[in-house]
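To start, the structure itself, in structure tokens.
Please treat every number below as a calculation from the coordinates, not as lab data. Since we're looking at a predicted model, the values are computed, not measured. Here the Cβ positions follow ideal geometry from the backbone for every residue, glycine too, while neighbour counts run over all protein chains shown.
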Amino acid sequence: MERTETMRVAAPGDLPDEKRDILKRIEELKPETFSRYEDARQRLLMQTGPAKMYEIIADGIPHKIIGDIMLIYRIDLRDDGIEGGSVIVANELMEEWGITQEQLHADAKAAQMARKPPLLLRMGDVIRELSEEVGEPESEDTYEIPLWVASTMDGRCGAAAIWNEEFLDRAAGTIGGNFYAIPASMCEFIFFEDDSIDIDWAKMAVLKANAEVVLPREYLSSTIYHYDREAKLFETAEDYERRTGRREE
């Protein structure tokens with residue numbers, strides 16, 4: 001990724017509130033806030049969001065993109081009592097630290113594993129727990145639904161699990177092989193094994209959920225993704241099906 005010393009900034013009136021807030025947060029984080037990398041390294045977080053939301057600042061921040069989702073890096077400020085929760089790491093700060101994006105990614109993944117490790121839960125177990133809490137048990141068939149939830153204990157930054165290669169490989173072992181991934185929100189992905197659910201149904205389901213259930217601030221994507229365990233590759237379902245010949249051009 002090409003680095004730039006200054007960020008591309010649009011006129012405030014041209015930006016929706018979410019993008020304006022992102023720019024404000026970055027401007028507030030000066031290099032001297034965490035001038036020592038060791039002060040920030042253990043507080044690093046990985047967050048996955050819609051690439052379109054971050055496109056206005058993409059030139060000024062370290063990031064990765066798969067399909068229409070983007071990985072960005074944050075510093076968690078919650079333990080310091082600083083209002084706002086976290087701030088995005090900008091190129092200026094990374095350069096002040098004298099590190100590469102590869103090191104930033106490795107350290108952010110390690111910090112996330114230590115503080116907010118990704119979890120893989122059976123959807124049936126999640127439904128059972130919720131139904132017991134409200135005192136409305138579902139039928140046993142409902143608990144056998146062949147879906148898995150990838151998130152974190154508190155859900156925060158849960159969708160970032162898909163950038164953890166070791167987690168994806170373990171998930172494939174648990175699920176039974178290659179799997180498709182539905183972006184439920186910025187908090188979680190839903191996995192299901194190849195051929196266990198009709199892919200066209202899954203595509204319609206994610207569109208319906210995004211339109212009727214997912215809060216706008218938690219929206220991630222309407223694109224279905226796929227993990228190929230042998231190739232160690234997480235990609236869009238369309239790219240996977242084209243690459244493997246499962247999809248006709």
Please give the charge dipole size of region 172-231, origin at the Cα centre, charges +1 on K and R Cβ atoms and -1 on D and E Cβ atoms. Round to the nearest 20 debye.
280 debye
Tally Lys/Arg at +1 and Asp/Glu at -1 over every other residue whose Cβ is under 12 Å from the Cβ of TYR37; what's the total?
-2
